[in-house]
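First up is the structure itself, then whatever we jot down about it.
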Amino acid sequence: MKQHTAVRFPPVSGYDIPGLERWLQRMAARGMQFSMTLGPFTLFLPAEPTSLRIHLEPARTKIAEDDPEIIGLYESAGWTHLGDFRKNFYVFATPEPDAQAHTDPQVLSYALRRFFRQKLLGGAGLALLNFLILSFFYSSRFTDPTYLRFYWAELLAGDLLPWLLALQGMGLTDLSYLLGLFSLWKFRRQIRHDLPITTPPASRLAGVLSALAVLPLVLVAAEFTFRYFTHGYFPYDLAGSGFVTMAEIEGPEFRPTGDTMYNMDYISHGDSPLTPENWYYQQWESNRVFGSGGSLADIPHLEINITRYLLPAVAERRAWEWRSWGGHEDYQALEPAHGLEEIWYYQNERNPGFCYLILRKGGLVMRVEYEGSKDLTQFLPRFAQMLDTL
Amino acid sequence: MGGKDRGPLTEPMFYVLMSFLKRDMCGTEITEFVARKTRDRVRLGPGTLYTLLGKFQEEGLIQETEVDGRKRTYRLTGKGRAVFQEELDRLRACLNDAEEEI
């Protein structure tokens, strides 16, 4: 039976040299020979179970390409070069159980101190990565306890999920990195003072944290890449979209503004792997109030916001959040109809022409803001039909 | 470690510097020299030698003269010779001190 490359997470910190060496030796004894690393993963090739002595030599600088000198020196001493571990270490193996790569603890201590300092400086790079990733998705509302408590469905329509995943992934990575540095410091101390070499518990925890960070960071990386190349924005033409317009509600007398921002001829449409699909459209009547500093409230208009959540319960919550803006008691629950599961209607007592309509069908939730001369509830079948086309 | 402000040289450091006194050397030649000179008493692991070559080069004690595939050849610099001499003087003083007491 053909055996394939095995992929594993290291059970210890990526900076715990003796812990990694022991792990690679155990894997070799089980017939899996170290081949290479790929991000957080370690790849093994199938081989005859062998008792090998493995040594990880800290690289002088991050390994861009193998240094022929070190490979030559090790090979002339009977070692085989297996590859590099995360560009930090050269990995060598020998069947000689007593072979020693380092014969001077002071020199090894020097190599470890140098490596430790490099990794400490690498912490600045990690801090910068933290800042870049978290700020890419950050909104001040994410750290507002009131917003988080009462309007979390609205936040989910934004970047809350990718931000939380980034926070989790980077937090775990940072902690794993610090524990890894501690393991490295401890190993150097043991070498320097000729103490027994042990794997500190912090190293095993760092290995677990590093593995746990992978899933959220992969999701965040997918989101980031998708957004980088597409902006997560896919507008399309109003014509043929099936969207209800002011012109349709008000009739041929409606005169839209010439301002294309307020008279959209397209549907603003966003979508990405970690954020809900959403649509936005608005159309306003031509009015002198525009640009004069007057109130927009009385200008006939239609504004449509739609979000599609994965879970209907979240859409239901969003409908609640939208209603809560105006006070729950002001909204009137209408009988579900036309396939719509929730219909909420609000009409302003002082300005009967102004109303809100909140509709939900499964995970789709829509809020319509309208100022005009018609009864918007007469258009419920059209709005339901519109939602069906999305 | 090695040098006035870092304490005495270790044996591997001392012998690696010694190997350059008469001619330029590459890594494998240094290993052979140390093994021959000390009759295998001082062992020079490949990791130790690689680290030392990098360290000495950074500190300006040796300098690279030739690269031929995997083989890199180095020569001792004036500073390297001075560090070696300093260590030799220290060891001589130690020996004299000991002999006076015997």
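The values are calculated or read from the model by the stated rules, or taken from the named source; none is laboratory data. What you see is a predicted model, and the numbers here were worked out from it, not measured in a lab. Heads up, the Cβs are rebuilt from the backbone with ideal geometry, glycines too, and the neighbour counts pull from every protein chain shown. Surface areas here come from the heavy atoms of the whole protein model, side chains and all, with no ligands, DNA or RNA. Shrake-Rupley method; radii C 1.70, N 1.55, O 1.52, S 1.80 Å.
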I'm trying to understand the selection: among the residues of region A:221-252, which are under 30 Å from residue A:371 (Cβ atoms) and of a type in the set (D, E, K, R)?
A:237, A:248, A:250
Restrict the check to region B:7-17 and report whether at least one residue is more than 11 Å from every other protein chain (Cβ to nearest Cβ) and in contact (Cβ under 8 Å) with a residue 12 or more places away in the chain.
yes
Of all residues being hydrophobic (A, V, I, L, M, F, W, C) and modelled with pLDDT under 95 in region A:53-66, which is surrounded by the most Cβ atoms within 10 Å (Cβ to Cβ)? Just the residue, please.
A:59
Any idea which residue in region A:109-121 is nearest to the other protein chains (Cβ to nearest Cβ), counting only those that are farther than 20 Å from residue A:197 by Cα and in contact with a helix residue (DSSP H, G or I) (Cβ under 8 Å, 6 or more places away or on another chain)?
A:119
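Considering region B:44-77 alone, what residues qualify as being facing another protein chain (nearest Cβ under 7 Å) and under 12 Å from residue A:111 (Cβ atoms)?
Within region B:44-77, B:45, B:47, B:48, B:49, B:50, B:51, B:52, B:54, B:55 qualify.
Yes or no: residue B:69 open to solvent by less than 50 Å² (accessible area, probe 1.4 Å) and more than 14 Å from the chain's Cα centre (by Cα)?
On the way: open to solvent by less than 50 Å² (accessible area, probe 1.4 Å): no; more than 14 Å from the chain's Cα centre (by Cα): yes.
Taking the combined requirement at face value, the residue does not satisfy it.
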What are the pairs with Cβ atoms under 8 angstrom where one residue, in region A:106-119, is charged (D, E, K, R) and the other, located anywhere, is in a helix (DSSP H, G or I)? Sequence gap at least six, or different chains.
A:113/A:188; A:119/A:180; A:119/A:181; A:119/A:184
Taking region A:108-122 and keeping residues closer than 18 Å to residue B:52 by Cα and of a type in the set (Gly, Ala, Ser) leaves A:109, A:111
Can you work out which of the residues in region A:362-373 that are open to solvent by less than 50 Å² (accessible area, probe 1.4 Å) and in a loop (DSSP other than H, G, I, E, B) is farthest from residue A:322 (Cα to Cα)?
A:372
So which residues in region A:314-361 are in contact (Cβ under 8 Å) with a residue 40 or more places away in the chain, open to solvent by 20 Å² or more (accessible area, probe 1.4 Å) and farther than 20 Å from residue A:155 by Cβ?
A:334, A:337, A:338, A:339, A:351, A:354
Verdict on residue A:161 being open to solvent by 20 Å² or more (accessible area, probe 1.4 Å), more than 14 Å from chain B (Cβ to nearest Cβ) and within 20 Å of residue A:183 (Cβ to Cβ):
no
Of all residues in region A:30-52, count the ones that are at pLDDT 90 or above and either open to solvent by less than 60 Å² (accessible area, probe 1.4 Å) or in contact with a Phe, Trp or Tyr (Cβ under 7 Å, 6 or more places away or on another chain) (or both).
14
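Kindly evaluate residue A:142 against the criterion of being under 30 Å from residue A:279 (Cα atoms), in contact (Cβ under 8 Å) with a residue 12 or more places away in the chain, more than 14 Å from chain B (Cβ to nearest Cβ) and in contact with a Leu (Cβ under 9 Å, 6 or more places away or on another chain).
yes
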Mind checking which residues of region A:188-206 are touching a residue at least 24 places away in the same chain (Cβ under 8 Å), open to solvent by 70 Å² or more (accessible area, probe 1.4 Å) and over 40 Å from the mean Cα position of the chain (by Cα)?
A:192, A:194
Here are A:318, A:350, A:323: which of them is assigned to a loop (DSSP other than H, G, I, E, B), closer than 20 Å to residue A:376 by Cβ and either at pLDDT 85 or above or not aliphatic (A, V, I, L, M) (or both)?
A:350
Complete set of residues in region A:119-138 that are within 16 Å of the chain's Cα centre (by Cα), open to solvent by 30 Å² or more (accessible area, probe 1.4 Å) and not hydrophobic (A, V, I, L, M, F, W, C)
A:135, A:138
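Any residue at all in region A:50-73 that is among the acidic types (Asp, Glu) and more than 21 Å from residue B:71 (Cα to Cα)?
No, every residue in region A:50-73 fails to be among the acidic types (Asp, Glu) and more than 21 Å from residue B:71 (Cα to Cα).
Mind checking which residues of region A:235-247 are open to solvent by less than 80 Å² (accessible area, probe 1.4 Å), modelled with pLDDT of 90 or more and not hydroxyl-bearing (Ser, Thr, Tyr)?
A:235, A:238, A:242, A:243, A:244, A:246
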Note on region A:67-108: residues open to solvent by 20 Å² or more (accessible area, probe 1.4 Å), more than 10 Å from chain B (Cβ to nearest Cβ) and part of a loop (DSSP other than H, G, I, E, B) are A:86, A:87, A:95, A:96, A:97, A:98
